[in-house]
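The values are calculated or read from the model by the stated rules, or taken from the named source; none is laboratory data. Bear in mind the structure is a predicted one, so any value in this text is a computation, not a measurement. Using ideal geometry, Cβ is built from the backbone for each residue, glycine included, and neighbour counts are taken over all protein chains shown. Heavy atoms of the whole protein, side chains included, go into the accessibility calculation; ligands, DNA and RNA do not. Shrake-Rupley method; radii C 1.70, N 1.55, O 1.52, S 1.80 Å.
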Amino acid sequence: MRVDVVTIFPDFFGVLDVSLLGKARAAGVIEIGVHDLRAHTHDRHRTVDDTPYGGGAGMVMRPEPWGEALDALITDQTTLIVPSPAGHRFTQLAARELAGKPHLVFACGRYEGIDQRVIDHYSERIEVRELSLGDYVLNGGEVAAMAMIEAVGRLVPGVVGNPQSLDEESHEDGLLEYPSYTKPASWRGHEVPPILLSGNHAAITAWRREQQLDRTARIRPDLLGEQ
Ligand SMILES: N#Cc1c(-c2ccc3cc[nH]c3c2)n[nH]c1N
């Protein structure tokens with residue numbers, strides 16, 4: 001998989017060189033390129049924004065730099081992802097779908113967002129997904145893109161050492177994961193649930209499933225179709 005990010009804050013993505021994704025990059029499992037949108041401006045002030053048509057507060061990102069930047073990256077194999085508070089909710093299902101794509105390009109907006117014609121233009125040519133991390137407002141798309149790149153990247157074959165661990169995580173089966181414990185068996189008067197020390201793997205599996213259902217019903221009833 002190849003991932004490209006276009007942003008006015010390229011240094012923000014330096015952290016991608018460490019941890020899991022850093023290893024995946026080094027192993028060549030994932031290629032990541034970060035590109036400065038301002039490299040596609042041609043005025044003295046390297047302007048990327050302008051006032052909104054129709055008035056209103058804030059500034060809008062100009063389409064021309066975006067068009068030049070994206071034309072340099074996009075092929076017919078590309079999925080363009082535009083982080084946006086107005087986008088579809090980014091879920092584990094979306095992460096799994098995107099992990100199977102050959103090339104992702106993240107367009108990280110700032111200000112009041114990117115001129116809509118950029119999304120419209122590329123939607124005529126390739127798959128474009130406007131995706132939101134959640135129902136709160138960030139100052140730009142970079143934090144969202146970082147979260148999405150990690151959520152997607154870790155699902156790419158060869159990135160995580162033990163792929164089975166991915167199957168037992170929250171949201172993989174539509175439920176929250178069961179609580180986890182490790183040594184010592186007793187800590188500050190808190191005991192590990194005895195079932196986990198029993199060695200009875202069938203009973204442990206059943207207990208864990210019950211914990212998932214209880215936890216999900218208590219914390220995220222919406223995942224069970226309840227309100
Ligand atoms: N994804 C996502 C977002 C954003 C977001 C994304 C892009 C821009 C560009 C300017 N402001 C932005 C906010 N806010 N909240 C989310 N869940």
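A few points about this structure:
- Gain on full extension, evaluated as 0.36 nm per residue between ALA147 and ILE219 minus their Cα-Cα distance, stands at 23.7 nm.
- Computed from backbone phi with θ = phi - 60° and the Karplus coefficients 6.51, -1.76 and 1.60, the 3J(HN,Hα) list for the range 104-116 is 10, 10, 9, 9, 8, x, 9, 6, 8, x, 9, 3, 4 Hz; x is used for glycine and proline.
- Distances between placed amide hydrogens fall under 5 Å for ILE81 paired with VAL105, PHE106, ALA107, ARG129, all partners being 5 or more residues away or on another chain.
- For the range 168-223, the alpha carbon positions stretch 34, 26, 15 Å along the principal axes, listed from largest to smallest.
- Spin-label model, ASP173 to ASP120: label points 7 Å out along the Cα-to-beta-carbon direction sit 4.7 nm apart.
- Candidate residues TRP187, TRP66, TRP207: accessible-area rank, largest first, probe 1.4 Å: TRP187, TRP207, TRP66
- Two-site FRET efficiency, GLU31 against TYR181, from Cβ-Cβ distance with R₀ of 30 Å, rounded to 0.05: 0.20
- Label point 7 Å beyond Cα of GLU210 along Cβ direction - residues of the range 175-189 with amide nitrogen under 20 Å: 175-182
- The chain: angle of helix 142-153 to the longest principal axis, Cα-based, in degrees nearest 10: 50 degrees
- For the chain, with +1 on Lys and Arg beta carbons and -1 on Asp and Glu, the positive-most of MET59, TYR122, VAL105 along the dipole: VAL105
- Anisotropy class of the range 81-217 from Cα gyration tensor, a/c 1.5 cut: prolate
- Only helices enter the 222 nm calculation for the chain: every DSSP H run of n ≥ 4 contributes -39,500 (n - 2.57), and dividing by all residues gives -8500 deg cm²/dmol, rounded to 500.
- Under-5 Å amide H pairs with GLY113, H placed in peptide plane, nonlocal only: MET61
- Per-pair calculated FRET efficiency, R0 = 25 Å: ASP76 and HIS45 via Cβ, rounded to 0.05: 0.10
- Computed from backbone phi with θ = phi - 60° and the Karplus coefficients 6.51, -1.76 and 1.60, the 3J(HN,Hα) list for the range 41-53 is 10, 9, 9, 4, 8, 6, 6, 10, 9, 7, 6, x, 4 Hz; x is used for glycine and proline.
- Sparse packing (at most 11 other Cβ atoms within 10 Å of the Cβ) combined with a DSSP loop state is found for the following GluC sites (Glu not before Pro) in the range 166-227: GLU226.
- Accessible area per residue for the range 3-102, computed on protein heavy atoms with a 1.4 Å probe, is 54 Å².
- Think of the range 168-223 as having a plus end and a minus end, set by charges on the Cβ of Lys, Arg, Asp and Glu; of ALA217, TRP207, LEU196, LEU196 sits farthest toward the positive end of this dipole.
- Taking amide H as placed 1.01 Å from N in the peptide plane, ARG2 has its amide H under 5 Å from the amide H of GLU31, HIS103, LEU104, each at least 5 places away in sequence or on another chain.
- Only one residue of LEU20, SER180, HIS88 has its Cα farthest out toward the positive end of the dipole of the chain, where Lys and Arg carry +1 and Asp and Glu -1 on Cβ, and that residue is SER180.
- For the chain, the dipole from Cβ point charges (+1 on Lys and Arg, -1 on Asp and Glu) about the Cα centre works out to 660 debye, to the nearest 20.
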